[in-house]
């Protein structure tokens, strides 16, 4: 979310439940804010970006993505990806241990 947009980004979608600190909404340059595919507050709090909990976090998050309203939001995102490039935006600093990695895997399945 903090990097400058690039021409090849295609559709830019913020996939965090909370708005990123320090980013003005009118300057964000995104096409959609899709809160429905972000982990629940309870899951996010439990996980706390603790590497030793990542495997279980990913499993619990996949379960959240399998129910409404996440299912419908995933279908919308898949449609965007079929039409061209889709860039998932997040304020997470450690993307490899974040929900975005799991979300990208689920979208690719």
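Any read-out appearing in this document is the output of simple, stated calculations on the displayed coordinates, not a laboratory observation. Keep in mind that what you see is a predicted model, and the values were worked out from it rather than measured. As a convention, Cβ positions derive from the backbone with ideal geometry for all residues, glycine included, and neighbour counts pool all protein chains shown.
Helix 99-108: angle to the longest alpha-carbon principal axis of the chain, degrees 0 to 90, nearest 10? That works out to roughly 70 degrees.
So if we plug the beta-carbon distance of residue 83 and residue 19 into 1/(1 + (r/R0)^6) with R0 = 30 Å, what FRET efficiency do we get, rounded to 0.05? Could the numbers behind the result be given before it?
Values: r = 26 Å, r/R0 = 0.86.
The calculated FRET efficiency here is 0.70.
Per-residue Cβ neighbour counts within 10 Å put 60, 78 in the sequence 78, 60, beginning with the fewest. Taking the Cα atoms only, what angle lies between the long axis of helix 54-65 and the longest principal axis of the chain, rounded to 10 degrees? Between helix and principal axis, roughly 70 degrees. If a spin label sat at a point 7 angstrom from the Cα of residue 52 along the line to its beta carbon, the backbone N atoms of the stretch 66-109 nearer than 18 Å would be those of 97. Tell me the angle of helix 70-83 to the major Cα principal axis of the chain, expressed in degrees between 0 and 90 and rounded to the nearest ten. The angle comes out near 40 degrees. Taking a spot 7 Å from the Cα of residue 29 along the direction of its beta carbon, which residues of the stretch 66-109 have an amide N less than 19 Å from it? Backbone N within reach: 85-92.
Based on the Cα coordinates of the stretch 11-108, what is the per residue volume of their convex hull in Å³? Intermediate results must be reported in sequence, preceding the final value.
Details: hull volume 9.4 nm³, N = 98.
Convex hull of Cα atoms, per residue: 95 Å³.
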